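Encoded as structure tokens, the structure appears first; notes follow it.
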Amino acid sequence: MYSRCLVCATAFEPNDQLEHFPNGRRVAFDPARGRLWTICGTCTRWSLAPIEDRWEALEELEKLTVDKARILSQTENIALLKVGPLDIVRVGKAHLTEEAWWRYGRELASRRKQYKKLSLAGTAAAGAVVFGGWATGGVTFVGMWFVMKHSPDSITDAARWLRFGGAAWRGEKECGGCGYTFRSLSYGNRSGIGLFPGDEPGKIDIVQRCPNCGLYRDGGLRLQGEVADRTLRRVLAYHHFAGASERRVVAAARLIQEAGSPQDLARIVVNDGRRLGDLQRTGAIALEIAANESDEQHLLEMELAQLEARWKREEELAEIVDGELTPLPMVETLRRKITGRQ
Ligand SMILES: [Zn+2]
Ligand SMILES: [Zn+2]
């Protein structure tokens, strides 16, 4: 079993998931052809495992894929899956159901836990101030009441400010009606932000009313394309800083599923124009999941296309290598073939 990349000699990081193949954080396998590779994180080349190391590991991988792995994305030929920190590329039709929302949904649920911890820390910090003050006689009852009542909120508000800053968008854009120059879009006014269908299906334009001429739909500030995507993700993350319960996330995910895709969900939620403040909570959570999902989905699709191209080349080599019989020359041939060195 190799502990280093056959091409660039980088040591593979160990994994805890595979008893019979403990090297590498990203592995690829083809159950039909009986191939098994470790993917190098440095040079991205695939190192074909020696035949005698494969069989138990292949069985183990197939079982792990079915029982525990989450599927991130798939094409006709390959699927990218994840088990803990281990990435698995499975060659062949997987027939696995995609749970496209799980990553981001979990993010929202953990955000809620963190928020609660922060609020609790806020109360504890307030308690320390109060009791410290009490001891030195510096805090009155009214002061104590004030700190007890307000501190948890101001602690979480401060954390939110630290993370997001004050504005969801900064730049320079003119009102289509009167030419008034917008320089930022602040989170404070987010309830009034208008969400309108963009030019492409599933895309959302962000609109803010002009404080000068009052135009909204046909004027004011209108953000589109990439800028609108990014701003929407920031605004929604700010809006849902406290996260969401698992039940809410599941309900939101169901909405996306019923809609058919993140793009369809966006289209349905926004309809022909909605104010952010008027969105129902589950719909707004679903929109946040969808906004991040389609972004992440796009990145995954690009990654998958690269992996698929790589797999085709590595499979050609594997076919040649596996066709040869004696183990020792096999390894040497493999080294020569993939490095191109004699
Ligand atoms: Zn390498
Ligand atoms: Zn205007």
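So that you can scan it fast, the table gives a plain yes or no per residue for (1) hydroxyl-bearing (S, T, Y); (2) buried (at least 20 other Cβ atoms within 10 Å of the Cβ); (3) without any contact (Cβ under 8 Å) to a residue 60 or more places away in the chain:
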position: W46; (1), (2), (3): no, yes, no
position: E62; (1), (2), (3): no, no, yes
position: D67; (1), (2), (3): no, no, yes
position: G92; (1), (2), (3): no, no, no
*asked:* Quick check on my filter: what residues within segment 1-27 are more than 14 Å from V83 (Cβ to Cβ) and touching a helix residue (DSSP H, G or I) at 6+ places or on another chain (Cβ under 7 Å)?
replied: M1, L6, V7, H20
*Can you run down the residue pairs with Cβ atoms below 6 Å, 6 or more apart or on separate chains, where the first is in segment 249-271 and modelled with pLDDT under 85 and the partner is charged (D, E, K, R)?*
P262/E293
*asked:* If I ask for residues that are more than 29 Å from S186 (Cβ to Cβ) and either surrounded by fewer than 18 Cβ atoms within 10 Å (Cβ to Cβ) or in contact with a Lys or Arg (Cβ under 6 Å, 6 or more places away or on another chain) (or both), which ones from segment 230-258 would you list?
replied: E246, R247, V250, A251, R254, Q257, E258
*How many residues are crowded, with 20+ Cβ neighbours inside 10 Å and of a type in the set (A, V, I, L, M, F, W, C) when one looks only at segment 7-43?*
9
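Give me a count of the residues in segment 207-224 that are hydrophobic (A, V, I, L, M, F, W, C) and closer than 20 Å to D272 by Cβ. Can you show your working first?
First, pick out the residues of segment 207-224 that are hydrophobic (A, V, I, L, M, F, W, C): 207, 210, 213, 215, 221, 223.
Keeping just the survivors that are closer than 20 Å to D272 by Cβ gives 207, 215, 221, 223.
Matching residues across segment 207-224 total 4.
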*Report the residue count in segment 179-229 for those that are surrounded by 15 or more Cβ atoms within 10 Å (Cβ to Cβ) and either touching a Leu at 6+ places or on another chain (Cβ under 8 Å) or in contact (Cβ under 8 Å) with a residue 60 or more places away in the chain (or both).*
20
*Filtered residues of segment 267-294 (kept if surrounded by 19 or more Cβ atoms within 10 Å (Cβ to Cβ) and of a type in the set (A, V, I, L, M))*: V269, V270, L276, L279, A284, I285, A286, L287, I289, A290, A291
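Restricting attention to segment 172-213, report how many residues are at positive phi and more than 12 Å from ligand 2 (Cβ to nearest atom).
The number of residues fulfilling the criteria is 1.
The values are calculated or read from the model by the stated rules, or taken from the named source; none is laboratory data. Please read these numbers as outputs of a predicted model, since none were measured by experiment. All Cβ positions, glycine included, derive from the backbone under ideal geometry; neighbour counts span all protein chains shown.
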